Amino acid sequence: MNTVADPSIRHADFRAQPDPERMRAVVERLRCILPAHSVLYRDEDKRPYECDALSAFRQMPMAVVLPDTEAQVVDILKVCRELDVPVVARGAGTSLSGGSMPHASGVVLSMARFNRILDLDPFARTAVVQPGVRNLAISEAAAPHALYYAPDPSSQIACSIGGNIAENSGGVHCLKYGLTVHNVLALRVVTIDGEVLEIGSAALDSPGLDLLAVLIGSEGMLAVVTEITVKLLPRPQLARAVLASFDDIVKAGDAVAAIIAEGIIPAGMEMMDRKTTAAVEPFVRAGYDLSAQAILIVESDGTPEEVEEEISRIDAVLQRCGCTAQRVSQNESERLAFWSGRKNAFPAAGRISPDYYCMDGTIPRKMLGRMLRAIADMERKYQLGCMNVFHAGDGNLHPLILFDANDPDSWRRAELFGAEILELCVEYGGTVTGEHGIGVEKLSSMCVQFSPEELKAFFAVKTAFDSQGLLNPGKGVPTLARCAEYGKMHVHRGQLPFIDLPRF
Amino acid sequence: MNADSLDAVADVLQSLRTTIVRAARDRAPLRIRGGGSKDFLGQQFDGDLLDTRPLAGILSYEPTELVITALAGTPLAQVEALLAEHGQMLAFEPPSFGGPATVGGVVAAGLSGPRRASVGAVRDFVLGLGCMDAQGRELQFGGQVMKNVAGYDVSRLMCGAMGILGLITQVSLKVLPRPAAEATIMFGCDASQALTLLNTWGGQPLPISASVVGSGSLVVRFSGARAAVDAALSRMNHDHAARRVPDDAAAQLWADLREHRAAFFSDTGRALWRLSLPSTAPLGSLPGEQCIEWGGALRWLKSDADPADVRAAASAAGGSAMLFQGGDRSAGVFHPLPAPLLALHRRLKQQFDAPGIFNPGRMYTDL
C-alpha cells in the first residue's frame, strides 16, 4: 500500500493541547462563517460534549460547532482543512466506544440540528432523513403506513441515524433483517475538501466501487454525512417469543445451533446467563426462571400463519435440546415482558454494581461454551464479576464487567479483563467489535486482530478520503507505533484454515 | 482441507505472488480470470492472464454457523452443490451465464440474481475475504462472523470492484437455509400495472422472493413458511385469477432468468442494457423491449437507442445504466461517475494498486 502522506500519525494524539492564541484564531474564523449561537468555546458550554456514552474517556474540545445547513458544514470543513484543525462529528453522543470523544486541538461538529425527516415515500418504501434524526423516530414516522426501519440498536430511543451510519449499528433483530449496511440505500456526504458527494442511490445497485459499504461503519473518519436514504420494510403483522430455560449454558448454546440447523432464522435469538436474570428480575419482574443457568428468548415474526408454523418448529427443537421449561408469549404485553429483562440488562448491571464495562466481541457460535468458561476463569483472575448477555443468533457477546470507577485499580482490572475477552474472540476466529465500534476504546485490540500490513490498508482508505488526517483522527485504526508499544502479537484468527501456511 | 492440500495451496499462492511481484516491477497489467463466465462483462483491456482456478477448495463450512469459506478459484457449482446437501443456499442467486463461474469471480463481479430484491446482493452476504496486494502480500479483512465492525469494510469494497483493487484469494460468505416452501404464480398484466402491483405488495407482508415482468405477464415467486406461501397463493388466485406454475417449470423459469437462457436474452442483434432504477421509476419512452426484475428495480433493455440517451434516461430516473452485452462500447460500459466521485475512485486505486497492474481499465478507463 502506498503511504505517501501518512494520516495515521497526523493529529493521532487527541490529548495534545492547542495554544490559546491558535484557539482564538480558529474560533474567530468559525464565527465569521457561523452565527454566534452556533459556535461554543467557553468551558461551561463545551462541557456536555467532553464525552459520549463511554464516560471513562473524556476530553474537552477546542470548540463545538452546531451548523444548521449543509452549506455551513461545507464552510466549516473548508476552514478546518485550511487551518489544519481536526474535526470530530457527533450525533446523539450514545457511542459505547468513545467514537465521538473530542480532540483537544479539534472541533466537535454536532449534527444535532439536522433533525428533520425530509421525505417518506410509502410506495417506494424509502425515507430520506437528516443525520440527527433519532433511529426510533424513523419507525414512528413510517408506522402510519405499516412500515418501519429495521435496525434497532438498544439505544434506539436516543441514538441518531447519523451515528448508526458511523458505527454500522445492529440490534436484536439483525440476524433476520441485517445491520445498518443492509438497510441504507444512499448517503449524501461532505468530504474534508468541502465537496458534496452522492453515494449510492434509491436504486439497488450503483455504478463504481461500493463506497457506501466503506462509509458505513467508518466512525466519522472518512466524510461527514448530511443526508441518508433508508429502506423501510413492511411491519410484521405479528411477533411472538418463546422463553426457554436451560440447566446448562452449553446446552442453551447447542439449542441455538440446532434451531439454525433446522433451517429457521428467527427474528431474534438472545441469551442471558443466571447472573443476568438474577440482576434484572427484581427490577423488571419479567417472570424469568431464576433456577435456570441460562435462558433463551427466541422470537418469530411474520403473518399469523407463518408465526404459528415457526413457533411450533422452534418449540420442538428446544424440547429436543433439553430445555427445562418454556413459555410462548400469548399476547403482545407478555412478549414485551419477555424482552424487558434483556432490554434492561445494562441498567440492571448499573443497579447491582457502581459501574459496568460493556464488551462487544463476536465469536463463531460453536465457541460459546468455551468462551463462557474462560470468562468465568477471568472473573476469578481479575476479582470482578461479569454478567453475560449475548445476541446468540449472530454470536455477538456483550459481557458486562462489573467494577467501581472510584477505585482506580478496579477500573484497571476491568480494562485488562475486557482486553483479554476480546483477544480470545480473535483467537476463536471472531472479532473485537460486533456493533459498538473501535472508537478510542479498542484501539489496542485492533493490533491483535490485524497485521501491520492490514492496518496500513485501512490507512490507505483513509488517505484516499482524507489525506491530511483531519476527520476524527486517532480513532478506529491504531498507529503502528501504538501497536508496537502495546506489544501483543497479531493473532492470525485462531484455528482458521491457513494456520499451517507459511507467512511471508 | 488436509495438510497436503494446504501445502498445494501455499504453492499456488507463492506462484501467484511471483507473477504479481514481477508484473508490479514491470508495470505490466494483469487480467484476473476465474472460469471466464463473465469475460464479456466490463470494458476491454490488455493484460497477461492471471488464472485463479488453481486456487480452489472449500476451506471451511459449518452449516450451523451459516458461513462457507472457499478459495477464490473454487467453482460456484461445487459450493452450491455442497450447500444444497445441507438444505442451504447462496441466497443472492449469483448468475454464471452457463459458464464455469468461480466464487472469486462472483464476488469481484458483484452480480446477483432473482432473489436480490428480497434478500440482498452479493455484498450483503460477504462476511470477509483474503486478498493479495500489488506487493504480493496476503491481507485479510472482515471475518467469518455476521457482525463485525473492526476497521473499514474493505471486503465489501472489493465486492463488485471488477478486480481493480487486488486479487481476491478467498471469500467467506453468509449462507441461508432453503425456504421451507416455494411457489410461483403468473397472470396477464401490462408492465406499468405490474410495477404498481409490485411496489404496492412490497409494502405488505407478502413473502415475495422474485418477480419478472415481460411479454404481457407478471410472474411472482413466493418463499417462506408453508402457511405463508399458501396464504399468498390463495390471495393471488382470488385477486388476480393467477395461475400456479408447476414446480418443475417454475424452477426452470427462474434458473433461465438467472442464467440469461430465457428467450428475452437470446436476441444478439441489439445492445443489452442493465438499468438499475428506483423500483417506482416509470417505464419511460426508450425504444426496445424490457424485462423487469427485482420488483421493478432491475430493468433489462434490448435497444438500438443511442447510449447517451439510455444513460440520460437512467440518470433522470434516479438510477444508472450499464451496457451489459453488445452495442457500441466506445463511450464506456459502466455508467459514468460524477467528476469528484471518479477522482475518489482514482485515489483509492492509487492507494491499493499503485503500479496499476490489477485489471486496469476494466471498470473505467485509467482506473
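Rule-based calculations on the coordinates, nothing more; no lab input. Keep in mind it's a predicted model, so treat the numbers as computed, not measured. As a convention, Cβ positions derive from the backbone with ideal geometry for all residues, glycine included, and neighbour counts pool all protein chains shown.
List of remarks:
- Convex hull volume of chain A per residue (C-alpha atoms, cubic angstrom): 161
- Of the residues A:TYR177, B:LEU298, A:GLN72, the one whose Cα sits farthest towards the positive end of the charge dipole of the protein assembly as shown is A:GLN72 (charges of +1 on Lys and Arg Cβ, -1 on Asp and Glu Cβ, taken about the Cα centre).
- Across peptide B:224-233, the mean count of Cβ atoms from other chains lying within 10 Å of each residue's own Cβ comes to 5.
- Computed from phi, the 3J(HN,Hα) profile of region A:117-122 under the Karplus parametrisation 6.51, -1.76, 1.60 (θ = phi - 60°) reads 8, 7, 7, 9, 10, x Hz, with x in place of Gly and Pro.
- Relative contact order computed over chain B (Cα-Cα under 8 Å; 6+ residues apart), in percent: 18
- One equal scatterer on each Cα of region A:117-234, no solvent, Debye formula: the resulting log10 I(q)/I(0) at q = 0.14, 0.23 Å⁻¹ is -0.51, -1.43.
- Prolate/oblate/rounded label for region B:46-118 (Cα gyration tensor, a/c 1.5): oblate
- Region A:170-240 and region A:366-417 have Cα centres lying 32 Å from one another.
- With 32 Å as the limit, the listed pairs A:LYS78/B:LYS174; A:LYS366/A:LYS462; A:LYS475/B:LYS38; A:LYS381/A:LYS456; A:LYS462/A:LYS488; A:LYS46/A:LYS275 have A:LYS78/B:LYS174; A:LYS366/A:LYS462; A:LYS475/B:LYS38; A:LYS381/A:LYS456; A:LYS46/A:LYS275 beyond it between alpha carbons.
- Global geometry of region A:238-347, whether rounded, prolate or oblate, following the gyration tensor of its Cα atoms and the 1.5 cut on a/c: oblate
- For chain B, size of Cβ-based charge dipole, Lys and Arg +1, Asp and Glu -1, in debye: 620
- Listed values for region A:211-226 are Karplus-derived 3J(HN,Hα) couplings in whole Hz (6.51 cos²θ - 1.76 cosθ + 1.60, θ = phi - 60°), namely 6, 4, 5, 6, 6, 6, x, 8, 6, x, 9, 10, 6, 10, 7, 10, and x replaces Gly and Pro.
- Kirkwood Rh in Å, taken over region A:47-118 so that all alpha-carbon pairs contribute: 12.5
- For the protein assembly as shown, the share of DSSP beta bridges that are antiparallel, to the nearest 5, is 90%.
- Cα gyration tensor, region A:1-56 - rounded (a/c under 1.5), prolate or oblate: oblate
- Charge dipole magnitude, Cβ of K and R +1, D and E -1 - chain A, Cα centre, debye nearest 20: 620
- As a length-normalised measure over Cα pairs under 8 Å and 6 or more apart, the relative contact order of region A:246-307 settles at 44 percent.
- Lone cysteines, chain A (no partner Cβ under 4.7 Å): A:CYS32, A:CYS51, A:CYS80, A:CYS159, A:CYS174, A:CYS321, A:CYS323, A:CYS358, A:CYS386, A:CYS425
- DSSP bridge pairs, chain A: antiparallel proportion in percent, nearest 5: 90
- A crude spin-label estimate for the pair A:GLU485 and B:ALA8, with each label 7 Å from Cα along the Cβ direction, gives 4.8 nm.
- For residues of B:331-342, the mean tally of beta carbons on other chains within 10 Å: 3
- By DSSP, the beta bridges lying fully in region A:20-110 are antiparallel in about 20 percent of cases.
- log10 of Debye I(q)/I(0), alpha-carbon scatterers only, for region B:140-249 at 0.15, 0.23 Å⁻¹: -0.78, -1.16
- The mean sequence distance of close C-alpha pairs (under 8 Å, at least 6 residues apart), as a share of the length of chain A, puts its relative contact order at 17 percent.
- Shielding by partners for peptide A:399-410, expressed as the average number of C-beta atoms from other protein chains within 10 Å of each residue's C-beta, is 0.
- Euclidean distance of C-alpha centroids, region B:176-233 and region A:276-294, integer Å: 43
- Taking the C-alpha atoms of the protein assembly as shown, convex hull volume expressed per residue in Å³: 155
- The value for chain B of Rg(Cα) / (2.2 N^0.38 Å) is 1.02.
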